[in-house]
Amino acid sequence: MTNAMREPLAGYNFAYLDEQMKRSIRRAILKAVAVPGYQVPFGSREMPLPYGWGTGGIQVTASIIGAEDVLKVIDQGADDTTNAVSIRQFFARTTGVATTERTAEATIIQTRHRIPERPLGPGQIIVYQVPIPEPLRWVEARETETRKMHALQEYGVMHVKLYEDIARFGCINTSYNYPVLVNGRYLMAPSPIPKFDNPKMDRNPALQLFGAGREKRIYAVPPFTSVKSLDFEDYPFDVQHWDHCCALCGAADSYLDEVVTDDRGGRMFVCSDTDYCGERRTAGHVGAGTPVALAAEAAE
Amino acid sequence: MYVAVKGGETAIRNAHALLAEERRGDPAVPELTLEQVKEQMALAVDRVMTEGSLYDRDLAALAVKQACGDLIEAVFLLRAYRTTLPRLAVSEPVDTATMDIRRRVSATYKDLPGGQVLGPTFDYTHRLLDFSLAETGHPQEKPAHGDAAAIPERMPKVVDVLDHEGLIEREIAPPEPAEATDLTRVPLDFPAGRDARLQNLARGDEGFLLALAYSSQRGFGSAHPFAGEIRMGEVAVEIVPEELGFAIEIGDITLTECDMVSQFKGSATESPKFTRGYGLSFGHCERKAMAMALVDRTLRTRELGGEALYPAQDEEFVLSHSDNVEASGFLQHLKLPHYVDFQGELVTVRHLKAEAARRRPEQAEIVP
Amino acid sequence: MDAPPPLLQIEGLTRTYGRRIGCKDVSFSLWPGEILGVVGESGSGKSTLLNCLSAKLEPTAGRVLYTDRHGRAIDVWAASEPERRMLMRTDWGIVHQNPRDGLRMGVSAGANIGERLMAVGERHYGGIRREAETWMRRVEMDLDRIDDAPFTFSGGMQQRLQIARNLVSKPRLVFMDEPTGGLDVSVQARLLDLLRGLVTDLGLSAVIVTHDLAVTRLLAHRMIVMRRGEVVEAGLTDQVLDDPQHPYTQLLVSSILHP
């Protein structure tokens, strides 16, 4: 599944950005690594892809990618979603580096909304596309105020939100972009990954970089750094569970996409991580394959 | 057996081809040339240059054509191209007092040195569809160029007239001119300096600034402005090459400049006087320059000792949301797949529903 | 025996707005367990004074010294912003005249009360909730309303909630700005009663700004009278109210205190 190297696009610098710009982004990355979870402002540029479509991740990837790298790009866990294809093509054209759909083979993985199921290893870098880097934004709209809250570690108000969830719903009902505390210090938005993926961030051997192009911020979680999801002692953090296994590969431990198969309540559940699912099937795992009727389930 | 949707790559290729077909329209109709766009859609080109932060009529015309007339898309194209351009030099500040004037109006003085010059404007046209334009080759009325020669070389600026009398706040350049902030290189920071604010507003979306300026006129943070002066024309751009050590002209650009004048009642430390709001655009973007000048002034509310109560007075609100390339991208990213997050929400809502039914079985909805 | 140091020591506090004077050269001390009333008509500078004391408005001149739990004197305006903000959410409480300024109107009563606990690291939902219930009871609020948002409450209930939200963290010093302002007379009376009970039970120290001499009479041990930004009279409450010395105080007392 790996596409070999090609000649980069004529007329443009390697990875589109000029070397000065890449250097300034790398300086921001170094600062971000030095202060885990802290949002470092950077001089984000207009990219040929729209803001909100991964320009932050693209700039981070562009500034760290080298000719020897092998790049994987996923969106919603899949390599073949249109925006993932578009970004992968962008780098294939502007750098000529090898691309892959295999998590294990990639040196850089740019992602939107998921962390691969297969554990990342030392030396790998995962680059998250971030729409809103500020975890306090929904509590306090003003940048001037949220910066002060970070500086003074005034995070009590985040727990007010969690308290409200429990008081009203009996549980914390944030299901994605679930706030985390990094290295015991900075409150951080993990980007809109499902909370299912939050535990993977904790003490991960890979370097985790976050780029927000429109908001012009970069932040990072260095390898083996503590990432704790906010919770209460008596309402501990918990991830999503399914009553099903993947219909294709039978996996019981992966994040599942719900696929509507007809208009009579027919559903099936399949791995959101296409590479993980494919690997399992290659290894001989088989799922039940048949759509599940939700109505029948409700009657159980 | 279910197979996940594949073929993103082919779909994208096809979408590009379809877009190209749409752009061309009916092949029986002659294709638009860049010259035509540049000459006959000049105000579209001007707006794209202004909000695109790049003065190049040819590239802007190309962007307009490529974007099928979608001006925000055209601004985006120009901006993305601008990212790849090297910075060869930084120009000297342009001197708009030496502008080669094509239009100059003041609403504050009936007559003033240099006079009022109406120039090319929609202002006093009756907005009647001119069906003669539906035909090509229609002979156009030639303007009487007799008085063009009568426009004096140098026209004093209205704000300078006020300045002589000490009626308007002074704007004095710092003795050692610091390098101006460049938002295309460094992120916006609050509180923003006036340089950053003006650059942000100059790049900002015309519609957004128009609406803000309008809101302030209707009482949501009024600054009681007068259009001190609006001037449009050509200004020379100069640079000082290091090896020469003196300024040389590298060309002319068309600019529209607006000085809004507002009364300021004074404070404990400052006497009553007029204050300025400033607007500047590439080409002839008069509405934009006026809106910008108004918003520049409303954003000074706090600086002048007032309380910022309305959106047009709120620096963080205005400057964070003025950029249409940012706004358009983020709005449209909602088209991207969000099904992982939506799945999370589905799981949560189903759980909450079940929980609610368990807590209050008597109120549980009846599932059909 | 050594007397304990004053809790709050104000020295030459001045705040000007350009040439206009907010308050001028105000000095006084507040002792542990003491309630001080600050009275004067609107525009007399009492709110400016309160804002300078409670670390919300930087004074033009003068000092505000606060003695913390460890007997350490903190120069409030010379301290760093983190220190000031820490004081504001732990040792101090502020009850605003308008509950909107002191409550999160969009989150439940329980969360409003629990916020200060969570801000200092309380992470047990059940514990926070029990504490919120305890305080709702103490301010005589209906426990059924614990999950309702304050905007659904009456003015008097909002004020009670604001008081509970402040007292939950066991502050040593509470600033109150017209705590009964804008309420009906009967509601005012019940709230004053409640406040009197609470400050006595908890041994609280407080600075209460009010234009209502009845509030001062009922709650304050000592009082200062302000006019045009300056203190014109100070003393024990009963003394000042029963035997006012300054003509302005005499005018206030005679014009307001009609039985």
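Per the Kirkwood formula on distinct C-alpha pairs, the Rh of the range C:55-148 is how many angstrom? Before the final figure, lay out the partial values.
Details: mean 1/r = 0.0650 Å⁻¹.
Across the range C:55-148, the inverse of the average 1/r is 15.4 Å.
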Overall Cα dimensions of chain A - principal axes, largest extent first, Å: 62, 49, 34
- request: Work out the charge dipole of the protein assembly as shown with +1 on the Cβ of Lys and Arg and -1 on the Cβ of Asp and Glu about the Cα centre, then indicate which of B:226, B:74, A:198 is farthest towards its positive end.
  value: A:198
Percent RCO, i.e. relative contact order, over chain B, from Cα pairs under 8 Å lying at least 6 residues apart: 16 percent
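Give the shape of the protein assembly as shown as rounded, prolate or oblate, defined through the alpha-carbon gyration tensor: a ≥ b ≥ c are the square roots of its eigenvalues, a/c under 1.5 means rounded, and otherwise the shape is prolate if a/b is larger than b/c and oblate if not.
Details: a/c = 2.14, a/b = 1.16, b/c = 1.85.
Cα axes put the protein assembly as shown in the oblate bin.
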- request: Sticking with the crude label model, points 7 Å out along Cα→Cβ, report the distance from residue B:125 to residue B:23 in nm, one decimal please.
  value: 2.8 nm
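Treat the count of other C-beta atoms within 10 Å as a stand-in for reagent exposure and order C:27, B:320 from fewest to most. Walk me through the intermediate numbers first.
Values: C:27 14, B:320 18.
Fewest-to-most ranking of C:27, B:320: C:27, B:320.
Note down the relative contact order for the range B:11-83 as a percent, whole number, built from C-alpha pairs under 8 angstrom at least six residues apart. Present the calculation step by step, with values, prior to reporting the outcome.
Working: 63 pairs, mean separation 19.9, N = 73.
Answer for the range B:11-83 is 27 percent.
Restricting to Cα atoms and excluding each atom paired with itself, what does the Kirkwood estimate give for the range B:242-368 in Å? All intermediate terms of the calculation are to be shown ahead of the outcome.
Values: mean 1/r = 0.0483 Å⁻¹.
Hydrodynamic radius (Kirkwood, Cα only) of the range B:242-368 equals 20.7 Å.
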task: Express the C-alpha Rg of the range A:241-292 as a ratio against the empirical globular expectation 2.2 N^0.38 Å, rounded to two decimals.
output: 1.07
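Rounded to the nearest 500, what is the 222 nm mean residue ellipticity of chain B from helices alone, with -39500 (n - 2.57) per DSSP H run of 4+ residues and division by all residues?
Values: 12 runs with 137 residues, N = 368.
The helix contribution divided over chain B gives -11500 deg cm²/dmol.
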task: Jot down the per residue volume, in cubic angstrom and as a whole number, of the convex hull over the alpha-carbon atoms of the range A:52-107.
output: 73 Å³
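For the residues A:244, B:138, what sequence is obtained by ranking on other C-beta atoms within 10 Å, fewest first? Intermediate values should be presented prior to the final figure.
Numbers: A:244 17, B:138 10.
In increasing order of surrounding Cβ atoms, one gets B:138, A:244.
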- request: On a C-alpha basis, how far is the centre of the range A:159-195 from the centre of the range C:24-101 in Å? Whole number, if you could?
  value: 35 Å
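Cut-off is 10 Å between beta-carbons; in what order do C:128, B:248, C:21, A:74 appear when sorted fewest neighbours first? Intermediate results must be reported in sequence, preceding the final value.
Working: C:128 26, B:248 10, C:21 17, A:74 29.
The most exposed by this proxy come first: B:248, C:21, C:128, A:74.
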Coarse-grained scattering of the range B:48-203 at q = 0.12, 0.13, 0.15, 0.20 Å⁻¹, given as base-10 log I(q)/I(0) from a Debye sum over alpha-carbon atoms: -0.90, -1.04, -1.24, -1.32
- request: With the convex hull built on the Cα atoms of chain C, state its orientation-averaged projected area in nm².
  value: 14.9 nm²
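Would you mind getting me the FRET efficiency between residue B:97 and residue B:303? Use the beta-carbon distance for r and R0 = 22 Å, nearest 0.05. Provide the component values of the computation, followed by the final result.
Details: r = 25 Å, r/R0 = 1.16.
With a Förster radius of 22 Å, E is 0.30.
Placing +1 at every Lys and Arg Cβ and -1 at every Asp and Glu Cβ, with all other atoms neutral, what dipole size does the protein assembly as shown have around its Cα centre, in debye to the nearest 20? Please list the in-between numbers first.
Working: 103 positive and 128 negative charges, 340 e Å.
The dipole of the protein assembly as shown has a size of about 1640 debye.
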- line: Expressed in angstrom and rounded, the centroid-to-centroid distance over alpha carbons for the range A:28-77 and the range C:203-255 is 63 Å
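Please work out whether the range A:164-220 counts as rounded, prolate or oblate from its C-alpha gyration tensor, where a ≥ b ≥ c are the square roots of the eigenvalues and a/c under 1.5 means rounded, while otherwise a/b larger than b/c means prolate and anything else oblate? Walk me through the numbers before you get to the answer.
Working: a/c = 2.14, a/b = 1.61, b/c = 1.33.
Verdict is prolate for the range A:164-220.
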- prompt: Based on Cβ point charges of +1 for Lys and Arg and -1 for Asp and Glu, what charge dipole magnitude is obtained for chain C about its Cα centre, in debye rounded to the nearest 20?
  reply: 580 debye
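Would you work out if the range B:11-83 is rounded, prolate or oblate? Take a ≥ b ≥ c from the square roots of the eigenvalues of the alpha-carbon gyration tensor; rounded if a/c is under 1.5, else prolate when a/b is larger than b/c, oblate otherwise.
On the way: a/c = 2.71, a/b = 1.31, b/c = 2.07.
Oblate shape, in that a/c is at least 1.5 and b/c is the bigger or equal ratio.
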- request: Kindly provide log₁₀ I(q)/I(0) values, in the same order as q = 0.07, 0.09, 0.12 Å⁻¹, from the Debye equation applied to equal alpha-carbon scatterers of chain B.
  value: -0.44, -0.68, -1.06
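Set the Förster radius R0 to 56 Å, insert the Cβ-Cβ distance between residue B:89 and residue C:29 as r into 1/(1 + (r/R0)^6), and round the FRET efficiency to 0.05. Write down the numbers at each step before the final one.
Values: r = 66 Å, r/R0 = 1.17.
It comes to 0.30.
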query: Across peptide C:121-132, how many C-beta atoms of other chains are within 10 Å of each residue C-beta, on average?
result: 4
message: Starting from a Cα-only point model with no solvent, please compute log10 I(q)/I(0) by Debye for the range A:177-300 at q = 0.19, 0.20 1/Å.
response: -1.06, -1.10
- request: Can you quote the Å³ per residue value for the convex hull of the Cα atoms in the range C:105-170, rounded to an integer?
  value: 72 Å³
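Mind checking A:76-85 for the average number of partner chain beta-carbons within 10 Å of each residue's beta-carbon? Numbers along the way, then the final one.
On the way: counts 8, 3, 7, 2, 7, 5, 10, 6, 3, 7.
The shielding value for this peptide is 6.
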- prompt: If the viscosity is 0.692 mPa s and the temperature 37 °C, what translational diffusion coefficient in µm²/s does Stokes-Einstein give for the range A:59-166 when Rh comes from Kirkwood over Cα pairs?
  reply: 204 µm²/s
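Suppose we keep just the DSSP beta bridges with both residues in chain A; what percent of those would be antiparallel, to 5?
Values: 25 of 41 bridges.
Of all bridge pairs located within chain A, approximately 60 percent are antiparallel.
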Inverse mean reciprocal Cα-Cα distance (Kirkwood Rh) of the range A:1-114, Å: 14.4 Å
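Per DSSP H run of n ≥ 4, the term is -39500 (n - 2.57); total these for chain A, divide by its residue number, and report the mean residue ellipticity at 222 nm rounded to 500 deg cm²/dmol. Could the numbers behind the result be given before it?
On the way: 8 runs with 82 residues, N = 300.
Value at 222 nm, helices only, nearest 500: -8000 deg cm²/dmol.
Quick note: the coordinates plus some simple rules give every number you see, no bench work behind them. Bear in mind the structure is a predicted one, so any value in this text is a computation, not a measurement. So basically every Cβ, Gly included, is an ideal-geometry build from the backbone, and we count neighbours across all protein chains shown.
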